[in-house]
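Before I ask anything, let me first share the structure, which is written out below as structure tokens.
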Amino acid sequence: MPLYTGIKVIDTLIPVGKGQRQLLIGDEGLGRSSVALDAIINQRGKDVTCVYVLIGQKRSTVVNTIDILRKNHALDYTTIVVAEASALPGLQHLAPFAGCAIAEYWMRQGRDTLVVYDDLSTHAKTYRELSLLLRRPPGREAFPGDIFSVHARLLERATCLNAAHGGGSMTALPIVETSLGEIAAYIPTNLISITDGQIYLDRNLFTGGFRPAIDIARSVSRIGGKAQHPRIKKEAGRMKLDYLQFLELEVFTRFGARLEASMERVIRRGRVLREILKQDRLAPLDIEFQMSWMVAFNDGLFDEMKIEDVSVFLSTLKKQVAQSGLRLDKPREDWVSAVSGWFNTEAKL
Ligand SMILES: Nc1ncnc2c1ncn2[C@@H]1O[C@H](COP(=O)(O)OP(=O)(O)OP(=O)(O)O)[C@@H](O)[C@H]1O
Ligand SMILES: [Mg+2]
């Protein structure tokens, strides 16, 4: 079963399945927490119980996070576990395990759960502090040798139970911070190898205005595709090919090379797609809408559109899909005829 985050790029190209562990990785301030918050807000009405663990964060961040969850009515189904920066290192060390135990309790009762650990870099530093105080021998980057097993023990608890065990699940979204995009540092590589995939946020994309700043080429979901709805998977596969081809070609255009007409078309489509994939924070979208824009894009309905008009079109499309009540299991022709109908009426206005 898929776990929808409500984020276009993730639900279509880097899907997360229930019971999986997906790492959110990137430099400071690129929107990692925002992605996690969106994922929680999107669980409203979906019967997924959430836990948000804040480890070693500033008081202002803690207050802000709770505030966002409250304003978006997410507190009805979300537990927040806080060990802020001023808390004792022992408490900060235990916070993610406490959060995990809470989620595990719900999971054992047969519920689907989602846990966010924000973030495990701070957690590793706290563990380093404790270990050094206990005079344990320091290893790489002065972290104790067993930091890998500490994080593995935490994340391995995320799982999907079979029906004999009640059928609950725990999905984990751990967050890790890199410095200057260095994913080969000790803690990030550890976590990459423990998790089922990573969502990589990139500074250049962020400053270039592509937000959420998710780098599609460097993000992977190793097994999420298996949990995806076959129809979404098919559309997303076509779209991804177009996008990767575009990214490759775009590099050439930087040198001012003259392009053939067919390449020109690929680039035009890619630019439109990039515009479509942009998304504000705290605005999760449902999967039917994702289906509609992918169908529209794959059938070339966006091809003649000006970049400036894309966002207006998308918001009308969102309203239309919600009104129509179209579901994913409807055949593709139904989607195509509905979507192209809306595009025609919209174009006349
Ligand atoms: N999709 C988005 N669209 C526009 N702005 C965004 C988006 N996502 C994040 N931002 C902005 O980026 C900033 C950083 O976001 P956020 O706090 O989620 O990042 P972070 O990686 O968790 O940062 P920190 O290192 O402080 O924990 C916020 O001010 C937010 O407004
Ligand atoms: Mg954050």
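Need one number: nm distance between label points at ALA164 and LEU88, each 7 Å from Cα along Cα→Cβ, rounded to one decimal.
Distance between the two pseudo-spin positions: 4.3 nm.
How much mean residue ellipticity at 222 nm does the chain get from its helices, if each DSSP H run of length 4 or more adds -39500 (n - 2.57) and you divide by all residues, to the nearest 500 deg cm²/dmol?
That calculation yields -15500 deg cm²/dmol at 222 nm.
Test of understanding: what is the full-extension gain from LYS278 to SER337, defined as 0.36 nm times their sequence separation minus their Cα-Cα distance?
Taking 0.36 nm per residue and subtracting the Cα distance, the gain is 18.7 nm.
Please identify every one of the GluC sites (Glu not before Pro) in the stretch 1-110 that sits in a loop by DSSP and has no more than 14 other beta carbons within 10 Å of its own beta carbon. List each step's numbers first, then the result.
Numbers: sites: GLU28, GLU84, GLU104; in loops: GLU28, GLU84.
Sites meeting the loop and neighbour criteria: GLU28.
Average the reciprocal distances over every distinct pair of alpha-carbons in the chain, invert the result, and give the Kirkwood radius in Å.
It works out to 21.4 Å.
Would you grab the residues whose amide H sits under 5 Å from the one on GLY181? Only those 5+ places off in sequence or on another chain, please, with H modelled 1.01 Å from N.
ASP27
For the stretch 321-330, take each phi angle, set θ = phi - 60°, evaluate the Karplus expression 6.51 cos²θ - 1.76 cosθ + 1.60, and give the result in whole Hz per residue in order, putting x for glycine and proline.
Each residue of the stretch 321-330 in turn: 4, 4, 5, 5, x, 4, 10, 4, 7, 5 Hz.
Specify the angular offset, from 0 to 90 degrees and rounded to the nearest 10, of the alpha carbon long axis of helix 89-108 from the longest principal axis of the alpha carbons in the chain.
For helix 89-108, the angle is close to 60 degrees.
May I pose another question? Helix 230-253 sits at what angle to the longest principal axis of the chain, using alpha carbons and giving 0 to 90 degrees rounded to 10?
The answer is roughly 80 degrees.
Moving on. Out of the GluC sites (Glu not before Pro) in the stretch 211-252, which ones are loop residues according to DSSP with at most 12 other C-beta atoms within 10 Å?
When the GluC sites (Glu not before Pro) of the stretch 211-252 are filtered for loop state and at most 12 Cβ neighbours within 10 Å, nothing remains.
At a 10 angstrom cut-off on C-beta neighbours, averaged per residue, how do the peptides 174-187, 312-325, 192-205 rank from highest to lowest?
Result, highest mean first: 192-205, 174-187, 312-325.
Which FRET efficiency, nearest 0.05, do GLU264 and LYS58 yield, Cβ-Cβ r, R0 51 Å?
About 0.55, to the nearest 0.05.
Under 11 Å from the 7 Å Cα→Cβ point of GLU129, by amide nitrogen: which residues of the stretch 73-94?
Hits in the stretch 73-94 for GLU129 at 11 Å: 84-93.
Right, something else. Summing +1 for each Lys or Arg and -1 for each Asp or Glu, what net charge is found among the other residues whose Cβ lies under 14 Å from the Cβ of THR79?
With Lys, Arg at +1 and Asp, Glu at -1, the net is -1.
Taking amide H atoms as placed 1.01 Å from N in the peptide plane, list the residues 5 or more away in sequence, or in a different chain, whose amide H sits under 5 Å from that of ARG21.
Residues meeting the criterion, in which the H sits 1.01 Å from N, are ALA172, ASP196.
Go through LYS226/LYS318; LYS240/LYS319; LYS226/LYS319; LYS234/LYS319; LYS240/LYS278 and tell me which ones have a Cα-Cα distance over 22 Å in this structure.
Pairs exceeding 22 Å: LYS226/LYS318; LYS240/LYS319; LYS226/LYS319; LYS234/LYS319.
Under 18 Å from the Cα of LYS18, which aspartates and glutamates turn up, not counting those fewer than eight places away in the same chain?
Straight-distance partners of LYS18: ASP38, ASP47, GLU104, ASP112, GLU156, ASP196, ASP286.
Something else: Give me the mean projected area, in nm² to one decimal, of the convex hull enclosing the Cα positions of the stretch 161-210.
Its average projected convex-hull area is 5.0 nm².
Got the relative contact order for the chain handy, in percent, Cα pairs under 8 Å and 6 or more residues apart? Can you show the working numbers first?
Values: 583 pairs, mean separation 80.6, N = 349.
Relative CO of the chain lands at 23 percent.
So what's the angle, to the nearest 10 degrees on a 0 to 90 scale, between helix 287-298 and the longest Cα principal axis of the chain?
50
Under the 0.36 nm per residue contour assumption, what length would be gained going from the current alpha-carbon distance of ALA347 and SER149 to full extension?
Details: separation 198, 0.36 × 198 = 71.28 nm, distance 5.73 nm.
Fully extending the segment from ALA347 to SER149 adds 65.6 nm.
Okay, next question. What is the stretch 112-215's relative contact order, in percent, from Cα pairs under 8 angstrom and six or more apart in sequence?
It comes to 29 percent, rounded to a whole number.
While we're here: How many nm is it between the label spots at GLN245 and HIS73, if each spot is 7 Å from the Cα in line with the beta carbon?
Between GLN245 and HIS73, the simple spin-label model gives 4.3 nm.
Compute the separation of the alpha-carbon centres of the stretch 302-349 and the stretch 232-264 and state it in Å as a whole number.
23
Values in this text are rule-based calculations from the coordinates and carry no lab data. Since this is a predicted model, take the numbers as computed values, not measurements. So basically every Cβ, Gly included, is an ideal-geometry build from the backbone, and we count neighbours across all protein chains shown.
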